[in-house]
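To start, the structure under review is shown below, and the notes come after it.
The values are calculated or read from the model by the stated rules, or taken from the named source; none is laboratory data. Since we're looking at a predicted model, the values are computed, not measured. Heads up, the Cβs are rebuilt from the backbone with ideal geometry, glycines too, and the neighbour counts pull from every protein chain shown. Accessible surface is based on the protein model in full, side chains and every heavy atom, while ligands, DNA and RNA are left aside. Shrake-Rupley method; radii C 1.70, N 1.55, O 1.52, S 1.80 Å.
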Number of protein chains: 2
Amino acid sequence: MKHILASLAILLAASAATAQENYNGNGSNDSYQLLPDGRATLRLKAPKGHKVSLFATFVPEAWADMTYNDSIKAYEYTTAAPITNDFHTYKFFMDEVGFTDPENVHVVRDVTWQNNYVLPKGDGNDHATLMSVNNVPHGSLTDVWYYSPSEQKSRRMNVYLPAGYFTDTNRRYPVLYLLHGMGGDENAWPMLGRVPQIMDNLIARGKAEPMIVVIPNGVIDVDAAAGYGTAGLVQPQAEFPRLFTGHYEMAFPEIVNFADSAFRTIPDKHHRAIAGLSMGGYNSANISRQYPHLFDYVGLFSAATIESVTTGERLKQFLPAELMNTPIFENFDGKLKAQFEAKPALYWIAIGKDDFLYDANTDYRRKLDSFGFPYTYYETEGGHTWANWRDYIINFAPLLFK
Amino acid sequence: MKHILASLAILLAASAATAQENYNGNGSNDSYQLLPDGRATLRLKAPKGHKVSLFATFVPEAWADMTYNDSIKAYEYTTAAPITNDFHTYKFFMDEVGFTDPENVHVVRDVTWQNNYVLPKGDGNDHATLMSVNNVPHGSLTDVWYYSPSEQKSRRMNVYLPAGYFTDTNRRYPVLYLLHGMGGDENAWPMLGRVPQIMDNLIARGKAEPMIVVIPNGVIDVDAAAGYGTAGLVQPQAEFPRLFTGHYEMAFPEIVNFADSAFRTIPDKHHRAIAGLSMGGYNSANISRQYPHLFDYVGLFSAATIESVTTGERLKQFLPAELMNTPIFENFDGKLKAQFEAKPALYWIAIGKDDFLYDANTDYRRKLDSFGFPYTYYETEGGHTWANWRDYIINFAPLLFK
């Protein structure tokens with residue numbers, strides 16, 4: 001018996017580089033250490049003589065050189081300022097080869113990169129706390145496949161079901177449809193967006209109504225995120241032929257119908273919201289404009305409000321005509337008018353001052369202003385970043401279904 | 001508009017090291033290429049002058065040196081033989097630093113390591129095909145928290161719900177409880193075990209009954225896998241004080257009660273199975289022996305059948321007495337007799353010839369033989385590996401609920 005326990009322990013040790021280390025800022029370890037003053041030290045154990053850099057969201061300009069510390073045989077870097085209470089990502093580069101921290105198992109994919117993530121311990125009322133797993137009732141994240149009649153195939157979505165969904169089986173819930181950006185997929189909001197943790201905490205604090213969050217895959221050329229679909233372990237792709245062509249938006253009622261059939265939703269306009277980031281904001285504007293009686297709440301997060309910049313033009317000038325055979329782009333202003341005549345409960349536009357889409361959003365707001373269409377505007381610092389999109393969902397979700 | 005699409009594309013390219021690459025053996029790429037004869041070539045792009053090794057499940061003795069190819073500026077290694085049609089993992093080591101492949105986003109955690117994974121394209125009837133996402137009806141994997149009265153805290157589990165669970169809402173299902181090993185958690189069977197894919201395919205082929213698979217966290221000192229619980233982003237730990245002490249097993253009816261309340265189960269012995277690997281096999285033997293009327297099917301996969309080696313002794317000789325205050329170890333033989341008198345539909349023991357627990361399993365089978373207790377024995381090549389545990393679930397699941 002002692003022999004067997006010992007063997008099991010040895011077996012573990014063989015694949016256990018480290019033990020009892022802490023990446024949430026409460027403790028310290030060899031590769032990431034939060035200092036008492038809020039700064040962080042990063043370390044990579046490696047032999048001397050290499051060029052080692054840190055690529056991180058908590059480093060100015062994203063990059064920093066690391067210097068060798070002979071006494072611990074590791075490359076080191078300490079941030080100049082305290083790192084912000086947010087979900088941060090990083091990786092190392094050694095002699096031009098970029099890789100994740102060998103001593104931190106917590107990784108997240110962003111398009112075609114894996115990065116490590118860390119989450120500084122918050123003070124209870126900040127974003128870091130809202131993004132953490134706290135001692136509150138927890139909802140469930142479930143992946144579900146729906147059949148798309150227009151695509152004639154099954155497609156994957158992630159669905160957040162609020163705490164109690166599986167045990168309080170008579171209760172019905174409103175639904176937020178939450179859309180990812182270009183290069184993303186149905187795993188982006190749950191992973192990089194920390195949606196399950198944020199929703200658990202907002203609901204537990206009474207700040208957001210208990211709601212279902214449906215997170216579909218917005219790339220209709222595929223059925224699922226890379227590695228989760230029938231295409232196998234392909235790498236995520238930067239381009240797909242039917243992105244931006246309107247087919248996804250026209251077919252969106254299929255997703256709503258599925259959600260209403262599979263989950264205990266409240267299936268009416270007053271209990272539906274749609275929001276998305278970047279391309280997902282473009283999708284959300286298109287879908288809510290095309291189907292003005294489907295959603296009462298609309299959120300455009302750093303949205304690619306392309307149509308606004310090309311008033312009087314059409315996307316078909318830039319995309320092949322055979323890909324554009326959908327009515328989504330017809331009668332833009334007329335549909336927008338119909339949408340606002342139906343008086344949405346909230347039309348929420350959020351953008352960072354440094355976002356490359358800032359001017360496009362300004363143009364779009366001018367268009368809405370010129371028609372006298374009411375909306376709520378939320379302007380932040382920063383650019384086209386996940387830090388902003390997590391901030392936007394934290395600020396948007398409490399406005400819904402009230 | 002052209003400007004905005006271009007900006008989005010540039011934004012993507014900034015984080016997109018590669019595009020359209022293929023890790024399922026159908027295509028080729030820079031870092032993993034399956035050759036026509038079934039061998040694989042691995043490549044790491046890096047400057048010359050380093051010592052680079054490959055650590056992989058498809059390399060004899062797990063390690064291989066990689067050699068520099070000047071023409072492509074990369075380190076290369078080609079396997080000597082075709083790689084087997086299984087889920088394989090690998091990583092690179094450069095000058096003593098181990099890291100995952102920068103060009104493969106598909107990673108999986110095994111205790112305290114991240115590894116890449118690849119899945120060679122199967123021929124339709126092999127393990128690789130059963131582990132792949134095919135064009136069949138897909139079930140759902142959902143994470144759910146249950147309240148443990150004995151631990152007075154909520155704890156996380158993963159649950160596989162078969163295809164149709166959310167739409168065919170009158171149907172009830174049998175349940176397999178599937179337990180992880182030491183160093184593992186509730187994410188191990190879904191990720192390394194490929195349980196959602198295997199179950200989807202076995203059910204679609206009519207080889208396994210549609211069933212729910214409940215995958216709890218077996219480390220009662222924590223509430224969830226590292227990074228998914230209230231402890232925050234701690235590293236996974238190799239040791240916990242109450243592993244092997246019987247508390248988890250004694251409290252297991254809490255998990256069954258929760259599953260019966262939260263999911264549409266068929267809540268009787270004939271529709272319940274329990275199985276586990278290594279420590280999870282030890283847990284499964286203990287639980288099914290303690291509660292002989294709970295499970296009709298028992299699977300011990302490379303089980304740590306510790307008690308058999310210490311007949312007449314007690315674990316308390318090796319663990320602190322204050323941790324052993326559970327009745328799970330009392331009256332071992334009497335409980336075992338009661339279990340077999342209740343005539344389980346299946347008592348299935350699987351072990352690899354090279355497993356360090358082979359002799360312990362032989363002892364345990366001798367004990368069962370000496371009492372005349374019937375069981376099914378499945379002996380394979382290989383050792384204490386995920387390749388074997390995936391093979392065992394593929395062979396065990398079709399025997400259930402028939």
query = Which residues, counting only those in the stretch B:285-297, are part of a loop (DSSP other than H, G, I, E, B) and surrounded by fewer than 24 Cβ atoms within 10 Å (Cβ to Cβ)?
reply = B:TYR291, B:PRO292, B:HIS293, B:LEU294, B:ASP296
note = Sole miss for B:LEU44 among (1) outside any strand (DSSP E or B); (2) within 10 Å of chain A (Cβ to nearest Cβ); (3) among the hydrophobic types (A, V, I, L, M, F, W, C) is condition (1)
message = Could you check the stretch B:326-341 and list, in sequence order, the residues that are in a loop (DSSP other than H, G, I, E, B) and surrounded by 15 or more Cβ atoms within 10 Å (Cβ to Cβ)?
response = B:THR326
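Only residues that are in contact with a Phe, Trp or Tyr (Cβ under 7 Å, 6 or more places away or on another chain), at the interface with chain B (Cβ under 7 Å from one of its Cβ atoms) and at pLDDT 90 or above: list them for the stretch A:109-138, please.
Across the stretch A:109-138, the qualifying residues are A:VAL118, A:VAL133, A:HIS138.
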query = On the given criteria, is A:PRO102 modelled with pLDDT under 95, open to solvent by 20 Å² or more (accessible area, probe 1.4 Å) and within 11 Å of another protein chain (Cβ to nearest Cβ)?
reply = yes
inquiry  = Pairs please, first residue from the stretch A:151-173 and modelled with pLDDT of 95 or more, second anywhere and basic (Lys, Arg) and open to solvent by 20 Å² or more (accessible area, probe 1.4 Å), Cβ atoms under 6 Å, 6+ apart in sequence or on different chains.
reply    = A:ARG172/A:ARG264
key: Criterion violated by B:LYS402 - all others in (1) more than 16 Å from B:PHE295 (Cα to Cα); (2) open to solvent by 40 Å² or more (accessible area, probe 1.4 Å); (3) not in a helix (DSSP H, G or I) satisfied   = (1)
inquiry  = All but one of (1) in a loop (DSSP other than H, G, I, E, B); (2) open to solvent by 10 Å² or more (accessible area, probe 1.4 Å); (3) of a type outside the set (Lys, Arg); (4) within 29 Å of B:ASN201 (Cβ to Cβ) hold for A:GLY229; state the number of the condition that does not hold.
reply    = (2)
request  = Determine which single condition B:ARG242 fails, assuming it passes every other condition in (1) under 30 Å from A:LEU119 (Cα atoms); (2) open to solvent by less than 10 Å² (accessible area, probe 1.4 Å); (3) charged (D, E, K, R).
outcome  = (2)
request  = Return only the number of the condition from (1) surrounded by 15 or more Cβ atoms within 10 Å (Cβ to Cβ); (2) acidic (Asp, Glu); (3) modelled with pLDDT under 90 that B:ASP355 does not satisfy.
outcome  = (3)
task = Would you check which residues across the stretch B:63-99 are acidic (Asp, Glu), surrounded by 15 or more Cβ atoms within 10 Å (Cβ to Cβ) and part of a strand (DSSP E or B) and list them?
result = B:GLU76
query = Based on what the data block shows, is A:ALA56 more than 10 Å from chain B (Cβ to nearest Cβ), free of Cβ contacts under 8 Å to residues at least 40 places away in the same chain and open to solvent by less than 10 Å² (accessible area, probe 1.4 Å)?
reply = yes
message = Filter the stretch A:263-284 down to the residues that are among the polar types (S, T, N, Q) and either open to solvent by 10 Å² or more (accessible area, probe 1.4 Å) or part of a helix (DSSP H, G or I) (or both) and list them by number.
response = A:ASN283, A:SER284
inquiry  = Looking at the stretch A:333-347 only, could you name the residues that are among the hydrophobic types (A, V, I, L, M, F, W, C), within 16 Å of A:LYS367 (Cβ to Cβ) and over 28 Å from the mean Cα position of the chain (by Cα)?
reply    = A:ALA338
inquiry  = Kindly evaluate B:THR41 against the criterion of being in contact (Cβ under 8 Å) with a residue 60 or more places away in the chain and surrounded by fewer than 20 Cβ atoms within 10 Å (Cβ to Cβ).
reply    = no
task = Could you tell me whether the stretch B:199-207 includes any residue that is in contact with a Ser or Thr (Cβ under 9 Å, 6 or more places away or on another chain), within 13 Å of chain A (Cβ to nearest Cβ) and free of Cβ contacts under 8 Å to residues at least 60 places away in the same chain?
result = no
task = Hey, can you tell me all the residues within the stretch A:245-260 that are away from chain B (no Cβ under 13 Å) and either of a type outside the set (A, V, I, L, M, F, W, C) or open to solvent by less than 10 Å² (accessible area, probe 1.4 Å) (or both)?
result = A:GLY246, A:HIS247, A:TYR248, A:GLU249, A:PHE252, A:PRO253, A:GLU254, A:ILE255, A:VAL256
ask   = Here are some residues: A:ARG365, A:ARG314. Which one is at pLDDT below 90 and open to solvent by 30 Å² or more (accessible area, probe 1.4 Å)?
value = A:ARG314
ask   = What residue, of A:GLY184, A:GLY193, A:GLY206, is touching a His at 6+ places or on another chain (Cβ under 9 Å) and either over 23 Å from B:GLY139 (Cβ atoms) or not acidic (Asp, Glu) (or both)?
value = A:GLY193
request  = Inspect all residues belonging to the stretch A:64-81 and state whether any of them is touching a residue at least 60 places away in the same chain (Cβ under 8 Å), more than 10 Å from chain B (Cβ to nearest Cβ) and aliphatic (A, V, I, L, M).
outcome  = no
